[in-house]
Structure formats: C-alpha cells, structure tokens
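The values are calculated or read from the model by the stated rules, or taken from the named source; none is laboratory data. Computed from a prediction, not measured in an experiment: that's the story for all the values here. No Cβ is skipped: glycine too gets one built from the backbone with ideal geometry, and neighbour counts run over all protein chains shown.
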C-alpha cells in the first residue's frame with residue numbers, strides 16, 4: 001500500500017464546552033492538519049496522486065476556517081469546535097473533493113499543539 005501525506009497550517013481560536021457545561025477560556029492555536037491518502041497502485045508517472053492537487057484542495061478548505069473563531073464559524077454547524085470535530089469536517093470535505101481513480105483519503109489528523117492531536121478515518 002502506498003501512502004501520501006500532506007500537511008498544512010492554519011490559525012484559529014476556540015472555546016470548548018466542558019463536561020460540566022461551563023466554557024473553557026477563549027484561546028487560539030497554530031493548528032496543523034495532516035491528510036493521509038492511500039492506494040494499492042501508482043499511476044502512469046509512478047505517483048499515487050499529485051501532491052499539489054491535494055494541497056490545493058486542503059488549502060481551499062482551510063481558508064474557510066483560517067483566522068476565525070471556530071465557535072462562530074458556520075462551517076462547523078454549531079458543533080463544539082474540538083480537534084476531533086475539525087478533523088471530521090476536513091475529512092468529509094477532502095473525501096468529497098478528492099475523486100481519484102487510485103488514491104483515497106484515509107485519515108485526517110488535526111494538531112492543536114506539537115504534542116496534542118486528534119484524527120478521523122473511516
């Protein structure tokens with residue numbers, strides 16, 4: 001199995017609603033998104049998928065949330081803007097946009113910090 005990995009940064013603020021119903025303080029992150037695609041074969045030029053094609057699509061979606069307050073960003077449909085929710089949203093967006101004959105979106109990981117991340121895959 002071949003795998004391609006694309007990473008891109010974005011900046012956003014959020015507040016999570018906690019288990020007790022209270023809100024954590026407003027804060028921001030320099031987030032990083034990692035998109036993983038896989039496939040069994042390579043194409044006629046011996047690549048799984050063009051890096052630039054994937055990067056272009058990811059950047060288009062990140063423009064929708066970059067430098068925003070995620071709690072008020074309608075793209076997340078009012079959900080608690082956790083890294084898990086952002087990973088799910090980006091996975092669904094990328095999966096819907098990358099219609100490729102041999103590569104499929106396998107997993108999206110969203111890093112809030114260098115040592116804390118959440119992923120979504122199907």
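Restricting attention to the range 99-110, the residues being part of a loop (DSSP other than H, G, I, E, B) and crowded, with 20+ Cβ neighbours inside 10 Å number 1.
For residue 96, the stated conditions do not hold, so it cannot be described as loosely packed, with under 15 Cβ neighbours inside 10 Å and at pLDDT below 95. Looking at the range 1-36, which of its residues are over 18 Å from residue 68 (Cα atoms) and within 13 Å of the chain's Cα centre (by Cα)? Matches in the range 1-36: 5, 6, 7, 34, 35, 36. Residue 35 falls short on exactly one of the conditions (1) touching a residue at least 24 places away in the same chain (Cβ under 8 Å); (2) more than 21 Å from residue 120 (Cβ to Cβ); (3) surrounded by 14 or more Cβ atoms within 10 Å (Cβ to Cβ), and that condition is (2).
Screening the range 74-87 for residues that are crowded, with 19+ Cβ neighbours inside 10 Å and touching a residue at least 12 places away in the same chain (Cβ under 8 Å) and picking the one that is nearest to residue 13 (Cα to Cα) gives 81. Of the residues making up the range 8-18, just one is exposed (fewer than 14 other Cβ atoms within 10 Å of the Cβ) and either free of Cβ contacts under 8 Å to residues at least 24 places away in the same chain or closer than 20 Å to residue 96 by Cβ (or both), namely 18. Inclusion of residue 81 among residues that are outside any helix (DSSP H, G or I) and more than 20 Å from residue 29 (Cα to Cα) is not warranted. With the structure loaded, tell me whether residue 43 is within 30 Å of residue 80 (Cβ to Cβ) and either without any contact (Cβ under 8 Å) to a residue 24 or more places away in the chain or assigned to a loop (DSSP other than H, G, I, E, B) (or both) or whether it fails that test. Answer is no for this residue. Here the condition is being without any contact (Cβ under 8 Å) to a residue 24 or more places away in the chain and closer than 19 Å to residue 115 by Cα; of 21, 96, 28, it holds for 28 alone.
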